Amino acid sequence: MKNKHFTTISHHLRASGNRSAIFCSTLLFAGLAASALHAKPNTTPPGDRAINASVENRLLIDSAVPSNYIDITTKDGVVTLSGTAPSLLAKDRATAISQSIRGVRAVVNNISVKAALRTDDEIQGDTESALLNDPATDLYEVEVVAKDGEITLTGKVNSWQEKQLSGVVVRGVKGVKDVKNELTVETTTERPDMEIAAEVKKSLERDVWVSDVLISTEVHNGIVVITGSVSSVAEKNRAISNAWTMGVKQVDDEGLRVEPWANEGSMQRKKEYAVKSDDEIKQAVSDAFRFDPRVDSFNPDVYVNGGVVTLSGIVDNLRSKMAAEQTATNTVGVSRVNNHLKVRVENPPENSVIVENLKTALGRDPFLEGYEIGISINNGTAKLTGTVDTSFEKLRAREIASGVKGVTSVNNGLSVSNPKFTYYSFPYSWYYNAPFYYNREPGWMATSDRNDAEIKEEIESEFTWSPFVDVEQITVTVDNGAATLTGTIKDWNDVRDATENAYEGGAHRVINKLKVKE
């Protein structure tokens, strides 16, 4: 089968920011993060007007992005964002959302950050505190300089992943307008090109968000050259991050094209849907942990039975426990994760110290400033009380609490004054460079005054624009606001993504009867 190829768009990608933006378009952020795992079997690329409207819709429903102050233009599949945002995280989030739309070939973010007015001394102090108190970056040798709201990081770290994680932590500090990440990766490990190439190949194969069948890699003197096709900018970012294995000096991605037809039909990733033995899954999860700076040092025990992964062992912070679960979930062949990791802190701080540290962490976050959040600590459990505007802020507070030393679990009792379906944020975690995960609080109910036919049409539209779900395999029926999904799809991730797309389309309830081929 022959397909029309688009011209290389690396110059547009370079215009959208440096390598650290790959991970900030995650979440962490986070999560959400991302690749087009299941592109639509449609060789005709969407038109610019349709792409522009889809990006507008996605930004409009995300409460963390000030869509009213963001202008969007699309030309030849390249989305340009302009306007203003109240924080660097909001700007990054707009990029990540745009990158996850089918048909987008690149995103150029010209949004200006109108951050809270703070002195450079205040910003620098909070930045140093954020790095020092983060459970993964606390031991990194990082020097911080703030000038006119821009943070420059210098010093030495041991891996590219540690460098990116440091940058992501800093971007979450209130008042930061930009980050110049000049950290030097210093490693004594010298690896032959053949060994690096094998490691990169394995990394791409085990990532559930990357379709490796259309990607080729070569290594020359420690430089990884990655070529081929992916179906979204988000997937390209994910593939690039996978290429940064130990010993890699540089990643050349100019030959990796973003093309909506990628993974179409018989060209879809076959390895992903092949039956994986439990031993293969265990090895893949263990390998993935080695490249996760929040998990690697704890070496969790991995047990696999019938594709279900059970994690056990000890970690010293809640965020690492959450990271281990997410990394395992992102591994090919895994159908479910049982997280039995224990969070145990050696010499935990006094409760009053934990409360003060958590209050400080919440106060320096640009999304949560101004909220009065009550905090209490009981035997390591942080209880949060008060009221925030949306579920986004509620979930954001939970994640920030998970990174505070001494917190072993979070009882999130925050009330939401304006319940709304929003994208989940993974602001800190480089490993959450995956599609934005949709999430709701228990008992959440969509609010919609549309009739069943309109909801059905909107859900099908969501499937069409999502690069993660194959709409031709799903039948949607809606009765009194409840959407029923039937059909056969390829893997467990599709089940989750289809469900969340249906909620986003306006369903009050989703009955998922989808069957998984494997």
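Quick look at the values:
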item: Answer from E205, E195 - the residue that is over 24 Å from the mean Cα position of the chain (by Cα), of a type in the set (D, E), in a helix (DSSP H, G or I) and not assigned by TED's automatic domain parsing to the domain that holds D92; result: E195
item: Residues that are closer than 24 Å to V176 by Cβ and in contact with a helix residue (DSSP H, G or I) (Cβ under 6 Å, 6 or more places away or on another chain), drawn from the stretch 326-357; result: none
item: Test result for K420, charged (D, E, K, R), in a loop (DSSP other than H, G, I, E, B) and either under 18 Å from the mean Cα position of the chain (by Cα) or modelled with pLDDT of 60 or more (or both); result: no
item: A234 more than 23 Å from the chain's Cα centre (by Cα), modelled with pLDDT under 95 and hydrophobic (A, V, I, L, M, F, W, C); result: no
item: Strands (runs of 3 or more DSSP E) wholly inside the stretch 290-409 that include at least 2 residues being within 24 Å of the chain's Cα centre (by Cα) and at pLDDT 95 or above; result: 308-315, 336-343
item: Matching entry among I101, I97 (being touching a strand residue (DSSP E or B) at 6+ places or on another chain (Cβ under 9 Å) and part of a loop (DSSP other than H, G, I, E, B)); result: I101
item: Qualifying residue in the stretch 373-380 (condition: closer than 16 Å to P135 by Cβ and surrounded by 14 or more Cβ atoms within 10 Å (Cβ to Cβ)); result: yes
item: Single residue of the stretch 59-104 satisfying the filter (more than 16 Å from the chain's Cα centre (by Cα), over 22 Å from R171 (Cα atoms) and modelled with pLDDT under 90) that is surrounded by the most Cβ atoms within 10 Å (Cβ to Cβ); result: G103
item: Complete set of residues in the stretch 481-494 that are at pLDDT 75 or above and outside any strand (DSSP E or B); result: G481
item: Any pair with Cβ under 8 angstrom, 6 or more apart, that starts in the stretch 380-407 at a residue that is under 22 Å from N317 (Cα atoms) and ends at one that is acidic (D, E) and surrounded by 24 or more Cβ atoms within 10 Å (Cβ to Cβ); result: G403/D134
item: Only listed residue being outside any loop (DSSP other than H, G, I, E, B) and modelled with pLDDT of 95 or more, chosen from I281, I226; result: I226
item: Which listed residue is modelled with pLDDT of 80 or more, in contact with an Asp or Glu (Cβ under 6 Å, 6 or more places away or on another chain) and of a type outside the set (G, A, S), from V478, V469, V510; result: V478
item: Members of the stretch 494-514 found to be buried (at least 23 other Cβ atoms within 10 Å of the Cβ) and of a type in the set (S, T, N, Q), listed by number; result: N501
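The values are calculated or read from the model by the stated rules, or taken from the named source; none is laboratory data. Quantities reported herein were computed from a predicted structural model and do not represent experimental measurements. Cβ sites come from the backbone with ideal geometry, for glycine too, and all protein chains shown count toward neighbours.
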